[in-house]
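Have a look at the structure below before the remarks.
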Amino acid sequence: MNFALEDTQNSMPGQPTMLEQQKLGSATRKADAQSVTKRLQSELMTLMMSPTPGISAFPGADGNMLNWVATIIGPKDTPYADLNLKLSFEFPSNYPYSPPTVLFKTPIYHPNVDFSGRICLDILKDKWSAVYNVETVLLSLQSLLGEPNNASPLNNEAAQLHQKDSAEYQRKVLARHRDIDE
C-alpha cells in the first residue's frame with residue numbers, strides 16, 4: 001500500500017489537497033527562481049552594455065547567477081581615491097523584493113563597514129525597494145565612501161577619526177587596504 005498519496009476523502013471541498021499544495025509550492029519556487037535569474041541577467045546586460053565608470057559586477061567564476069563579484073574604484077578627492085575595492089553580492093530567492101547581502105571582500109577602514117566587511121547602509125536594510133539594482137547599490141556604496149554616515153557607525157573609531165583627524169584617518173585607510181585577486 002502506498003501511504004505517500006493523501007486520502008482526499010477528508011479534504012475540504014474546494015481546497016487543494018496536501019499533494020496539490022506541494023506541487024503548487026514547487027512550481028512557485030521554480031517560477032520565482034526563473035524570475036530572479038531573468039532579472040539578474042537583465043541587470044548584467046545593462047552593466048555590460050552601458051558601463052558606469054568606477055563600478056563593475058559579474059556573476060562569480062562558478063557561474064551561479066545568485067552570487068556576484070563586484071568592484072568599486074574609490075572616488076576622487078576621498079581617502080579611497082583610486083583604491084580597488086572588491087565586494088560580494090548574494091541574492092535572495094525573492095530578489096528584487098528583498099535586498100542582496102553585500103560584503104566588502106577587500107579589507108577597508110570605514111565608519112559604516114565593520115572588520116568582517118558588513119555594511120551599514122539603509123538601502124541594504126529597511127529602505128530597500130524593488131526599483132534598486134546592482135548598479136544603484138554600487139553607486140550608493142561609492143558615494144558612502146566619500147560621505148560616511150557617522151551617526152550610524154559600525155566602526156566607532158573610524159567615525160571619530162573621520163570627524164577629528166583626517167590625516168590619521170587617511171593613514172589608517174591606506175594601512176588597512178590591500179588588493180585581493182578574487
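Numbers at a glance
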{"quantity": "The range 110-150, subset assigned to a loop (DSSP other than H, G, I, E, B) and of a type in the set (S, T, N, Q), residue surrounded by the fewest Cβ atoms within 10 Å (Cβ to Cβ)", "calculated": "Ser116"}
{"quantity": "Count of the range 151-182 residues which are open to solvent by 40 Å² or more (accessible area, probe 1.4 Å) and part of a helix (DSSP H, G or I)", "calculated": "15"}
{"quantity": "Unmet requirement for Ser152, which otherwise passes all of (1) modelled with pLDDT of 95 or more; (2) touching a helix residue (DSSP H, G or I) at 6+ places or on another chain (Cβ under 9 Å)", "calculated": "(1)"}
{"quantity": "Every residue from the range 53-73 that is assigned to a loop (DSSP other than H, G, I, E, B) and over 22 Å from Thr37 (Cβ atoms)", "calculated": "Pro53, Gly54"}
{"quantity": "Answer from Leu83, Leu139, Leu121, Leu47 - the residue that is closer than 20 Å to Gln170 by Cβ and either in contact (Cβ under 8 Å) with a residue 60 or more places away in the chain or out of contact with any strand residue (DSSP E or B) (no Cβ under 6 Å at 6 or more places or on another chain) (or both)", "calculated": "Leu83"}
{"quantity": "Count of residues meeting criterion [surrounded by fewer than 21 Cβ atoms within 10 Å (Cβ to Cβ) and either of a type outside the set (S, T, N, Q) or within 16 Å of Phe58 (Cα to Cα) (or both)] in the range 90-101", "calculated": "5"}
{"quantity": "Which listed residue is touching a His at 6+ places or on another chain (Cβ under 9 Å), closer than 25 Å to Met49 by Cα and open to solvent by less than 50 Å² (accessible area, probe 1.4 Å), from Leu87, Leu83", "calculated": "Leu83"}
{"quantity": "For Leu154: the one exception among (1) in contact with a Cys (Cβ under 6 Å, 6 or more places away or on another chain); (2) closer than 12 Å to Pro79 by Cα", "calculated": "(2)"}
{"quantity": "Filter result (loosely packed, with under 12 Cβ neighbours inside 10 Å and of a type in the set (D, E, K, R)) within the range 29-80", "calculated": "Arg29, Lys30, Lys38, Asp62, Lys76, Asp77"}
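The values are calculated or read from the model by the stated rules, or taken from the named source; none is laboratory data. This one's a predicted model, so the numbers in the text were calculated from it and none came from an experiment. Cβ coordinates were reconstructed from backbone atoms using ideal geometry, including for glycine residues, and neighbour counts include every protein chain displayed. Side chains are part of the model used for accessible areas, which takes the heavy atoms of the whole protein and leaves out ligands, DNA and RNA. Shrake-Rupley method; radii C 1.70, N 1.55, O 1.52, S 1.80 Å.
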